[in-house]
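The values are calculated or read from the model by the stated rules, or taken from the named source; none is laboratory data. Owing to the predicted nature of the structure, the values given are computational and were not obtained by experimental measurement. Methodologically, a virtual Cβ is constructed for each residue, glycine included, from the backbone with ideal geometry; neighbour enumeration extends over all protein chains shown. Keep in mind that these areas ignore ligands, DNA and RNA; they rest on the heavy atoms of the full protein, side chains included. Shrake-Rupley method; radii C 1.70, N 1.55, O 1.52, S 1.80 Å.
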Amino acid sequence: MTALTEKITAGAAAREHWKKNLLPEKITIADYNERCGSNFQLCGDIVLDEAPQRQTTLTVLIDPSNSSRWKRETEHIYAIVRNGEIMKLGGTRTGMKKRWDSYKCGHCVPQRLQKRTGEPFPGTMSVTNAHLYHTIEDSLLKGDQWQFWSWELPEHTFSVQMPTGVSVQIATQTYHAYESWSMTEFKDMAGHIPQLCNNSDPNYR
């Protein structure tokens, strides 16, 4: 690896504090995707972002042909994958770009300085996001490969008849059910949940 930029080296203390030590995982995205009907598609590679105009240090490389799917605000189940092995499963109702943007907020830990003021970040970020962000950053620096995969869920609607007799179609939120099923399938295969799901919000699912 070439010499690191200053913004990458400046995160050493944050990485040391927040990173999780991951074990090799026997469940690959290929095997898991086959079990899930091959519904997961590669979104892009997670890589270091050394561009000086941005303070965050991670980005996802999205192929132009996949851009609209990445930005579309629809329900997804997603997998975060290290070296082909699943490290995290999750769900979102607002699309993959917004989910990734929320993970980037994990950058804003007290061990880092704000670019505008030079003061430490206040530490109001999600602890889950901080662990995931710095685990990926540290792992990339060690030469590992990370990817985002996702399953864009089908829309589900039901019809409701209003008092005037008009029938209205209502869209339902279903990703929680898909996420729970996906986690159960992984646990059946591995005997445990994905390693980076250990710090998930207990009220999330």
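Summary table below
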item: Selection count, region 53-72, where residues are touching a helix residue (DSSP H, G or I) at 6+ places or on another chain (Cβ under 7 Å) and open to solvent by 70 Å² or more (accessible area, probe 1.4 Å); result: 1
item: Unique residue being modelled with pLDDT of 90 or more and open to solvent by 40 Å² or more (accessible area, probe 1.4 Å) when the list is Glu137, Glu119; result: Glu119
item: Lone qualifier among Glu25, Glu34 - being in contact with an Asp or Glu (Cβ under 7 Å, 6 or more places away or on another chain) and either modelled with pLDDT of 95 or more or more than 21 Å from His134 (Cβ to Cβ) (or both); result: Glu25
item: Flag if Ala130 is surrounded by fewer than 18 Cβ atoms within 10 Å (Cβ to Cβ) and small (Gly, Ala, Ser); result: no
item: Pairs where the first residue, in region 91-118, is closer than 17 Å to Thr56 by Cβ and the second is of a type in the set (Asp, Glu) and open to solvent by 60 Å² or more (accessible area, probe 1.4 Å), C-beta under 8 Å, 6+ apart; result: Lys98/Glu73; Leu113/Glu119
item: Residue in region 8-26 that is part of a loop (DSSP other than H, G, I, E, B), within 15 Å of Lys104 (Cβ to Cβ) and open to solvent by less than 80 Å² (accessible area, probe 1.4 Å) present; result: yes
item: Residues within region 149-169 that are closer than 27 Å to Gly90 by Cα and of a type outside the set (A, V, I, L, M), tallied; result: 9
item: Residue within region 153-173 that is in contact with a Leu (Cβ under 6 Å, 6 or more places away or on another chain), open to solvent by less than 70 Å² (accessible area, probe 1.4 Å) and either modelled with pLDDT of 95 or more or at positive phi (or both) present; result: no
